[in-house]
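Before any comments, here is the structure.
Derivation of every value follows stated rules applied to the coordinates shown; laboratory data play no part. Keep in mind it's a predicted model, so treat the numbers as computed, not measured. All Cβ positions, glycine included, derive from the backbone under ideal geometry; neighbour counts span all protein chains shown.
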Amino acid sequence: MLVTGDLIQDDSAGAYGRFRDLMLPLNLRMHCVPGNHDVRDLMREVCVRPPFSYCAYEEIRDWLLVGVDSCVRDDAGGRMSDEELDRLSDIVVHSQAKHVLVFLHHPPVPMGSRWLDTVGLGNGEEFLERLRTLNRVRAAVFGHVHQEYDREHSGIRIIATPSTCRQFKPRADTFAVDDKPPAYRRLVLRDDGAIETETVWVDT
Ligand SMILES: [Fe+2]
């Protein structure tokens, strides 16, 4: 499972404990990256211990999955630091995997929503350029925008997953909540680098 940030809302260690307790029965490996609502130090305490991991990577067959930290302290918008870009490059360069999927919290491309596009990944184009130079990156998967998105940009799938809580109205000029239910996304990573994916809306 890829957990793409904003695990909690109230800055408390107890909330991370609740996340851990809710997730453990699923019996899955859970790769987590922080979002703007997370408190990195508190999140790390829970998410560095198996079955959780924090901004980590894993190779599965021909695929390498890498989690990167796009957060900026006290800022809803994100930015990929030079250190994080270089860490990503190092991981990819040292892997034999044929295909790479990167996951993060913030969208690296505009969503076409005036208010949301002020809190995206500030250096999204630089991030995408790095992905392109690594050659094997097939997709960047993220949260933050509370809506579906799945388009190709220069050969890389850019995929947003709706929230496991409330959704935002696509293309809204100002903050607006949608009436869609919580959701998660299934990703099937094929050996040839193709990705099959669907959003699963959870009827509550
Ligand atoms: Fe967020």
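Summary of computed values
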{"item": "Residue, nearest to the chain's Cα centre (by Cα), within the range 142-157, restricted to residues that are farther than 20 Å from Ala76 by Cα and of a type outside the set (Lys, Arg)", "result": "Asp150"}
{"item": "Answer residue from the range 17-41, given it is under 18 Å from Asp69 (Cβ atoms) and away from the ligand (no atom under 16 Å from the Cβ) and is surrounded by the fewest Cβ atoms within 10 Å (Cβ to Cβ) among those", "result": "Asp41"}
{"item": "Positions within the range 1-33 being in contact (Cβ under 8 Å) with a residue 12 or more places away in the chain, more than 23 Å from Leu189 (Cα to Cα) and in a loop (DSSP other than H, G, I, E, B), in sequence order", "result": "Asp6, Leu7, Ile8, Gln9, Asp11, Ser12"}
{"item": "Failed item, numbered, when Asp69 is tested on (1) surrounded by 15 or more Cβ atoms within 10 Å (Cβ to Cβ); (2) without any contact (Cβ under 8 Å) to a residue 12 or more places away in the chain; (3) in a loop (DSSP other than H, G, I, E, B)", "result": "(2)"}
{"item": "Which listed residue is under 17 Å from Arg136 (Cβ atoms) and of a type outside the set (D, E, K, R), from His94, His37", "result": "His94"}
{"item": "Top-ranked residue in the range 99-140 [being within 14 Å of the ligand (Cβ to nearest atom) and of a type in the set (A, V, I, L, M, F, W, C); ranked as surrounded by the fewest Cβ atoms within 10 Å (Cβ to Cβ)]", "result": "Trp115"}
{"item": "Filter pass, Ser113 being among the small types (Gly, Ala, Ser), touching a residue at least 60 places away in the same chain (Cβ under 8 Å) and not in a helix (DSSP H, G or I)", "result": "yes"}
{"item": "Hits in the range 72-98 - residues which are within 16 Å of the ligand (Cβ to nearest atom) and among the hydrophobic types (A, V, I, L, M, F, W, C)", "result": "Val72, Ala76, Met80"}
{"item": "Condition check for Ser53: away from the ligand (no atom under 16 Å from the Cβ), in contact with a Gly (Cβ under 8 Å, 6 or more places away or on another chain) and closer than 22 Å to Pro162 by Cα", "result": "yes"}
{"item": "All positions within the range 1-16 that are within 16 Å of the ligand (Cβ to nearest atom) and exposed (fewer than 13 other Cβ atoms within 10 Å of the Cβ)", "result": "Gln9, Asp10, Asp11"}
{"item": "Evaluation of Asp62 against (1) more than 17 Å from Ile195 (Cβ to Cβ); (2) in contact (Cβ under 8 Å) with a residue 12 or more places away in the chain (one fails), failing number", "result": "(1)"}
{"item": "Residue within the range 41-63 that is charged (D, E, K, R), within 20 Å of Arg138 (Cβ to Cβ) and part of a loop (DSSP other than H, G, I, E, B) present", "result": "yes"}
{"item": "Residues of the range 101-110 classified as closer than 13 Å to Met80 by Cβ, touching a residue at least 60 places away in the same chain (Cβ under 8 Å) and among the hydrophobic types (A, V, I, L, M, F, W, C), total", "result": "2"}
